[in-house]
Amino acid sequence: MMQSLTNRAKPVDRRPMNFVDRLYLPAVLKGMSITFGHIFKKPPTIKYPEQTREFSPVFRGLHVLNRDEEGRERCTACGLCAVACPAEAITMEAAEREPGEENLYREEKYAARYEINMLRCIFCGLCEEACPKDAIYLSETFAPSNFARKGFIYGKKDLLIPNPVTQPEEYAKAKGKR
Ligand code: SF4
Ligand code: SF4
């Protein structure tokens, strides 16, 4: 017999069944007593989504592309988040800000396209740490479920936070406690 590497293994009782064992009733009653015993215990589960648990302060959820206090996009498409990402989940395309777009984009360059593949993402938060512009952070929101793989490629329309100037309520809700 092979030697166990730990002492967690439980030896199986291989004795032949006696008359009481063959009745099965004691075993059934024992099982039912365990089941009914749990009815009066506080359930470890909650009724999600009606109830939610308090998140840990270090919880890392869905990404948010941030705006500044004037509602301008903060991201300059520098690519540092993509380089820092160990899962290679981030891609983007940079564009030059045109005259007259100063109220839309904070810097002279911005991300015309910004995508995160949530199926690759491991929610490590390195993109947030790498960003020099405070342009991306991980919120307390889950990535919703989806039936199609394509639904997990999040673009700017999914990631960009609402405008704090034109949509203050939506902005405050999306911002949460962070
Ligand atoms: S949280 Fe981590 S894995 Fe996900 S996009 Fe950011 S750096 Fe990549
Ligand atoms: S989110 Fe930050 S690190 Fe990533 S491209 Fe935009 S400015 Fe650069």
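Rule-based calculations on the coordinates, nothing more; no lab input. Because the structure is predicted, anything quoted here is derived from the model rather than measured. FYI the Cβ positions are ideal-geometry reconstructions off the backbone, even for glycines, and counts take in every protein chain you see.
What length, rounded to one decimal in nm, is gained on full extension from residue 14 through to residue 113, with 0.36 nm per residue of separation minus their alpha-carbon distance?
29.2 nm
Which angle between 0 and 90 degrees, to the nearest 10, do you get for helix 25-39 versus the longest principal axis of the chain when only C-alpha atoms count?
Tilt relative to the chain: about 30 degrees.
Please name which of 45, 174, 161 has its Cα lying farthest along the dipole of the chain towards the positive end, using unit charges on Cβ (Lys, Arg +1; Asp, Glu -1) and the Cα centre as origin.
It is 45, whose Cα lies furthest towards the positive end.
In the range 136-178, which residues have a backbone nitrogen under 11 Å from the label point lying 7 Å from residue 84's Cα in the Cα-to-Cβ direction?
Answer for the range 136-178: 136-138.
Could you list the residues of the range 46-85 with an amide nitrogen less than 12 Å from a label point located 7 Å from the Cα of residue 165 in the Cα-to-C-beta direction?
Under cut-off, by backbone N: 68-73.
Which net charge results when you count Lys and Arg as +1 and Asp and Glu as -1 among the other residues whose beta-carbon is under 13 Å from that of residue 53?
On the way: positive: 47; negative: 50, 54, 140.
Net charge in that neighbourhood comes out at -2.
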